Every structure is written in structure tokens, then in C-alpha cells.
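In what follows, a single structure is set out as C-alpha cells and then discussed.
The values are calculated or read from the model by the stated rules, or taken from the named source; none is laboratory data. It should be emphasised that the depicted structure is a prediction, and the values quoted were computed from it without experimental measurement. As a convention, Cβ positions derive from the backbone with ideal geometry for all residues, glycine included, and neighbour counts pool all protein chains shown.
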Amino acid sequence: MLAALRRPLAHVLRLAAALALAGCAAPDETEPGPAPEPTEVAFPATFSWGAATAGFQIETGLADTDWGVWAATPGKIQNGDLPDAGPDAFAHVAEDVAALLAAGLDGYRFSIERARVYPTRAAFDADAPDPAGLAAYDGLLAALDAGGIRPMVTLHHFVWPRYMSDPALAASPQGWERDDAPAVFGAWCRRMAARYGDRVDLWVTINEPNVEAMIGYVAGYFPPGVSDPDRLADVLRRQVSAHAACYDAIHDDDATDADGDGASALVSVASHNRLYEPADPTSAADLAAVAHSRNFWNLWLLDAVVRGDVDLDFDDVVDVTADPGLVGRADYIGLNYYGTSRINAAALKLPYVGVVPAQFDLPNERPKNDLGWDIYPPGFGVVLDEVARYGLPVYITENGIADALDVNRSRFTAEHLFEVGKAIARGIDVRGYYHWSIIDNFEWASGFCPRFGLFQVDFTDPARPRSPTSAVPMLAELATSGRLTKSAIAALPPYQSKPSPCAGF
């Protein structure tokens, strides 16, 4: 039954999104159905092909952070994995730039870590950055420039210096909860824009604010590791204010056109959006719960930073319209897409959040990645149609698969990029795709078990060699040709479901 309902449900959701964009009534039975599936898609010559990472997941020497403390705490990370045993990126800059080029990529998204640049609060307050920390990022940017690779810089990717967030003090305000967080974050953004604005035109202020808030303040698998919906709601509201402060700071201090294309900096958040599906498509309660989940997870943040519309109590009713301190604080939509979540109105409900979504090992016939997440490329098209409502360019800031045996990555990547190509053909201004990730890394609470890398890293070898997966030549050819056919996808190996299982948070 579920298999039979998959395509109709995706069609209904996409149709609903299109109707919302057009402001139309539902079509009558005489109107034509959906357009036939294309046999080929094309990408503009200006399309950016890239890959993404985050500093804590690939660097070493960040023990004095909330995540450094968390990872060193027994029982917090699968298999007791420690981040410093990872790919050691700063010792392998040349290899990783070569990997980007081998995959045909011209863009690299990475984070600059505050704890490396300002190891102490005294250093931050005095604006006395650590010379070695700056030199590490200077060297990376120089290597990217030499390779003709455009940087996209993230200024907060989950990790706080310990002087701003300490899991040992979880009962007190941490990170975004602190009264000084927006000002501190704004100052951080201003300093980085002033230093690197001549080399960086694409900025991400905060990566996946909703994920950081939910998993740190309700699920408890991220620092500070508490379960308090009121603190979750407070964090979400504060993240929006901090983003706006960062956006303004970057635009105040980065008026330089880094790549000579006549454009100044583009600034946004990276929003983690999923396709939310009802456990029972005939249940009014499930459909209502899906609508709330869609608003809470996919739209709340973007409504605030694009339109200035804020639903302060998360009841699906806008309380503040066109807030002048928020409206227009996004130059593009940064979109992370990994799959689907199932909503059952009879499941656990929380204040603000509503029904807690399920995303692991869902009871359907779709193949699963190593973490048990659905592999469902059509959902990508739905969330792309959903963000088209904002009328802004879109960058896919993350999309990838946990696939340790390298049996699913090529088909996954090709099928998801086919959906991107279809979205472009529908008129959505998608300007780039950043695969998560260029190399295997420390996947937060799941440790090193999930392998997301286009290049595999041998963590048992002190030299940390990188080896290309089967997706690398496929992606390189696609980046060169700018065309992808259904027949090429059909020639790829079929999916294997959950071939190398990992625990998920």
C-alpha cells in the first residue's frame, strides 16, 4: 500500500506547492496533468559545482569547544570515536584541493572556526586573533584561489568556543541563549568579512539552525545536551536575531567584489529542509501535523529572514509582519536536503515542535542509506518548489549520502542532480550544488561510521590517504558536460538498502 501511495503523495505535495506559489484555486478535472518526465536535463554554464565540509568534522586541535568537551565525554559518540583521529584537513590541504579538482568541482564550502581564531574570550574581546589560526585559513584560501576554486564560508557550523558554550554547565544559558550571543556573533562576522571579503563572496551565517536547536535542546544528542522545549524555542528566536546581525555586519564590512563578476557578497543561512509525509495520507490529523511540521522545520526560519514574518510562539500564525530588523536578510536560499520524515499525529508531541518526526528506518519500500534514511530524490523537487516562493536564487549547500561501501553514491548523486535540473527547467534559479562531503569526516554523534565522502579516508593509516569513490568520475563528467540523461542514470548500479548500517542520532 505504501509503495502505491508514494508517487501520488509526491505529486499532491508538488501540486500544492505550485498552487501556493501561483495563488490559484485547485484545478478542475479538465485541466492537464503533470508534464511528462524529461529524458535529459541541462545546467547553465555558470552553475557552481562544489563540495562542503565543516571545520570541527575535518580539522584537529579544537578540544576547547563545546563539541570538543562533548566528544571526550564517554557515551556521547558512537564507538567512542574522537575527532582528532579524523582526516586532519590542514595537513592535507593540497590533497583536498586536488580532490576537488579531480571531481570537476569549482566551489568549496567550509567553516572558519572561532575557537581556532580566538581560543580565549580575552583574545576575542581584545580582537587579538591567534596568528596560527589565521594562517591556517589564509593558507586554505590561497590554495583554493590557486586552483580556481570559489570559496563559500560558513561562520557557525554547530560548534562554539567553550567560553561561549560548555556542556558541563548545561543548566545555565549556553551558546545562542546567552544575552551577549548576537553581539558577539555580529562582531565575529564583521571581523571575518573585513579580513576575507576580498577573497570570499559567498557566506553562510549559521548552518542548520533548526537542527542545532532541536538536537541540542530537545533530543539531547548535541551540546548542551538538555531536553527543554522552552529553551529550544528561545534558541530559535535568538538565532534569527543573530543571523540578522551577522548579515548586516558582512554587508557593512564586505563591499569588495572578490571574483570580479560585479557582485558584492551574497549572505544567507543553510536551512535543513525535508519532505514531511503523513503516516496515513487519508488522516486529517496526520495531514494537519504535516502542515505544522513543514511550517516549523522548513519555513519558519526562511519566512523570518526573507520576509521578516515571525511566528513567535510557533502556532502557525504570524505575530510580527515585515519586521524591519529581519526583512530582506537573505540574498539567496541555502538549502540542505537529505530525505524524508514521517509524521504520525498519534506519536509523541512536544510544545512548539508538535509531532516529533521519524526519519530512521521508515516503514516503506524505499532504499535506505547507511543511517537508515530514505533515499527519495523526488522529495528534493518538492522542497525546491517550496523555497521558490521566496523569489531568491538557490544554492544547494548540502546533499549527500552515507555509503561506506560505495554502492549507492553515484546513483544517489545523479538522481538528486536530475531533480535539480528539472527544477531549473521549471524556472527555479538554482545556481550551485555542494555535495556533502568532499572527504569522509567526523559525523557528530555518529562518529566515523557514516561515510559521506566523495573521497574515502583511511583512518587507520597515519598518512590519512584519500581515495576516490565511483561517483568522482561521474560527477566530473557531469560538471564538464552540464547535461544528465535518464539513460545514463539507468546504467548505474541499482540501490542497495542500508548496506553498511550505522547508528543515527
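Structure data summary
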read-out	value
Breaking point among (1) surrounded by 19 or more Cβ atoms within 10 Å (Cβ to Cβ); (2) within 23 Å of residue 317 (Cα to Cα), for residue 207	(2)
Conditions (1) under 18 Å from the mean Cα position of the chain (by Cα); (2) buried (at least 23 other Cβ atoms within 10 Å of the Cβ): number failed by residue 446	(2)
Members of the range 423-480 found to be basic (Lys, Arg) and either under 22 Å from residue 204 (Cβ atoms) or assigned to a strand (DSSP E or B) (or both), listed by number	431, 466
Residue match in the range 215-236 (condition: within 19 Å of the chain's Cα centre (by Cα), modelled with pLDDT of 95 or more and within 16 Å of residue 306 (Cα to Cα))	yes
Residue in the range 386-401 that is surrounded by fewer than 20 Cβ atoms within 10 Å (Cβ to Cβ) and farther than 19 Å from residue 207 by Cβ present	yes
Condition broken by residue 358, with the remaining ones in (1) surrounded by fewer than 21 Cβ atoms within 10 Å (Cβ to Cβ); (2) farther than 28 Å from residue 417 by Cβ; (3) in contact with a Ser or Thr (Cβ under 7 Å, 6 or more places away or on another chain) satisfied	(2)
Total residues in the range 78-137, condition of a type outside the set (A, V, I, L, M, F, W, C) and not in a helix (DSSP H, G or I)	18
Out of 458, 440, sole residue that is buried (at least 19 other Cβ atoms within 10 Å of the Cβ) and at negative phi	440
Check on residue 304, hydrophobic (A, V, I, L, M, F, W, C) and surrounded by 16 or more Cβ atoms within 10 Å (Cβ to Cβ)	yes
Test result for residue 325, small (Gly, Ala, Ser) and either surrounded by fewer than 22 Cβ atoms within 10 Å (Cβ to Cβ) or assigned to a loop (DSSP other than H, G, I, E, B) (or both)	yes
Top-ranked residue of the range 481-493 - restricted to ones that are assigned to a helix (DSSP H, G or I) and not charged (D, E, K, R), ranked as farthest from the chain's Cα centre (by Cα)	487
Near pairs, Cβ below 7 angstrom, 6+ apart or cross-chain, from the range 480-493 (more than 20 Å from residue 44 (Cβ to Cβ)) to any residue that is of a type in the set (Ser, Thr, Tyr) and surrounded by 15 or more Cβ atoms within 10 Å (Cβ to Cβ)	492/410
Identity of the residue in the range 367-387, touching a Phe, Trp or Tyr at 6+ places or on another chain (Cβ under 8 Å) and β-branched (Val, Ile, Thr), that ends up nearest to residue 274 (Cα to Cα)	383
Counted residues, the range 213-243 - those being buried (at least 22 other Cβ atoms within 10 Å of the Cβ) and charged (D, E, K, R)	0
Scan of the range 67-96 for residues that are touching a residue at least 24 places away in the same chain (Cβ under 8 Å) and either touching a strand residue (DSSP E or B) at 6+ places or on another chain (Cβ under 8 Å) or at positive phi (or both), ordered by number	79, 80, 86, 87, 88, 89, 92, 95, 96
Residue within the range 402-412 that is surrounded by 24 or more Cβ atoms within 10 Å (Cβ to Cβ), touching a strand residue (DSSP E or B) at 6+ places or on another chain (Cβ under 7 Å) and either modelled with pLDDT of 95 or more or not basic (Lys, Arg) (or both) present	no
Selection from the range 48-66 of residues that are in a loop (DSSP other than H, G, I, E, B) and in contact with a strand residue (DSSP E or B) (Cβ under 6 Å, 6 or more places away or on another chain)	53, 54
Candidate set from the range 295-322 (those that are assigned to a helix (DSSP H, G or I) and free of Cβ contacts under 8 Å to residues at least 24 places away in the same chain); member that is farthest from residue 265 (Cα to Cα)	295
Filter result for residue 332 (in contact with a strand residue (DSSP E or B) (Cβ under 9 Å, 6 or more places away or on another chain), of a type outside the set (S, T, N, Q) and closer than 29 Å to residue 267 by Cβ)	yes
Looking only at the range 328-351, and only at residues there that are in contact with a Lys or Arg (Cβ under 8 Å, 6 or more places away or on another chain) and not in a loop (DSSP other than H, G, I, E, B), the one that is surrounded by the fewest Cβ atoms within 10 Å (Cβ to Cβ)	341
Close pairs (8 angstrom Cβ cut-off, 6 or more residues apart or separate chains): under 19 Å from residue 51 (Cβ atoms) and modelled with pLDDT of 95 or more in the range 371-398, among the acidic types (Asp, Glu) and part of a loop (DSSP other than H, G, I, E, B) anywhere	394/429
Unique residue being in a loop (DSSP other than H, G, I, E, B) and in contact with a Pro (Cβ under 7 Å, 6 or more places away or on another chain) when the list is 406, 370	370
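Here's the yes/no breakdown for (1) modelled with pLDDT of 95 or more; (2) surrounded by 24 or more Cβ atoms within 10 Å (Cβ to Cβ); (3) assigned to a helix (DSSP H, G or I); (4) touching a helix residue (DSSP H, G or I) at 6+ places or on another chain (Cβ under 8 Å):
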site: 140; (1), (2), (3), (4): yes, no, yes, yes
site: 144; (1), (2), (3), (4): yes, no, yes, yes
site: 156; (1), (2), (3), (4): yes, yes, no, yes
site: 165; (1), (2), (3), (4): yes, yes, no, yes
site: 173; (1), (2), (3), (4): yes, no, no, no
site: 187; (1), (2), (3), (4): yes, no, yes, yes
site: 211; (1), (2), (3), (4): yes, no, yes, no
